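J.: What follows is a structure written as structure tokens; I'll ask about it next.
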Amino acid sequence: MLRTVLGLVVLFLLAQCTEESTVIKKKQLGEISNSTTIEELDEIFKNDSVQKLPEGESLVREYKVFDSSGNPGLIFVTRVENDSLKALEHVKIYSPEYTTEKGISTVSTFENVRGQYSIDDIEPSFSSAILFIDELNATISLDKKDLNIDEFDMREIREDQIPDRASILYITLWFE
């Protein structure tokens, strides 16, 4: 029993020591906000594999940060107006190392999300159900396969239709 309690205390302390650079907050991912420049992203992710799209152009529309397996972990999308870069628009978060202050990440389930956040709206897309979380200014995409809904079925999705174990495809954090 003592070992179990000590193990839980250690896990709790580790969870409290989450590195601030990986925390998802409203309009902020760690130290990154809508005012962060591409040059600052270059500095933040200087030790990571990065791809800027379109390649070879001075105006970057997408900034992809790859994980150690070669998969995109983060995809930043910029807001471009009148041929000039205005700010970061949003980031799609695929990597489980990024978590909200309430512990939600891409390895969480619908049950976890529902237990921590109010779901303000649910909309279908071709391949996912999109949960709107106003508290975070974020959307969470769930795989329609986990919902037993056909991929191109665009009918309304209710919260009671979503199984607790539905998995997260990615989290989109909106900077605007």
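J.: Suppose we keep only residues that are more than 21 Å from the chain's Cα centre (by Cα) and in a helix (DSSP H, G or I) within the range 150-176. Which one would you say is surrounded by the fewest Cβ atoms within 10 Å (Cβ to Cβ)?
T.: 160
J.: Next question, about the same structure. If a residue has to be β-branched (Val, Ile, Thr) and exposed (fewer than 12 other Cβ atoms within 10 Å of the Cβ) to count, how many in the range 136-149 make the cut?
T.: Going through the range 136-149 one residue at a time, the tally reaches 0.
J.: Here's a follow-up. Only one of 133, 119 is touching a residue at least 12 places away in the same chain (Cβ under 8 Å) and surrounded by fewer than 20 Cβ atoms within 10 Å (Cβ to Cβ). Can you tell me which?
T.: 119
J.: Follow-up question, since we're still on this one. Would you mention how many residues in the range 94-104 are in contact (Cβ under 8 Å) with a residue 60 or more places away in the chain, assigned to a loop (DSSP other than H, G, I, E, B) and closer than 18 Å to residue 169 by Cα?
T.: Residues that pass the stated criteria total 5.
J.: Scan the range 99-116 for residues that are under 13 Å from the mean Cα position of the chain (by Cα), surrounded by 16 or more Cβ atoms within 10 Å (Cβ to Cβ) and not polar (S, T, N, Q) and jot them down.
T.: Correct list: 104, 113.
J.: Here is a further query. Determine whether the range 74-93 contains at least one residue that is touching a residue at least 60 places away in the same chain (Cβ under 8 Å), crowded, with 17+ Cβ neighbours inside 10 Å and not aliphatic (A, V, I, L, M).
T.: Scanning the range 74-93, I find at least one residue that is touching a residue at least 60 places away in the same chain (Cβ under 8 Å), crowded, with 17+ Cβ neighbours inside 10 Å and not aliphatic (A, V, I, L, M), so the answer is yes.
J.: Sort out which residues of the range 51-73 are touching a residue at least 12 places away in the same chain (Cβ under 8 Å) and surrounded by fewer than 15 Cβ atoms within 10 Å (Cβ to Cβ), and write them in order of number.
T.: 51, 59, 62, 70, 71
Only the coordinates and a few stated rules stand behind these numbers; no lab work does. Computed from a prediction, not measured in an experiment: that's the story for all the values here. Please note: Cβ atoms are built from the backbone with ideal geometry, for glycine as well, and neighbour counts cover all protein chains shown.
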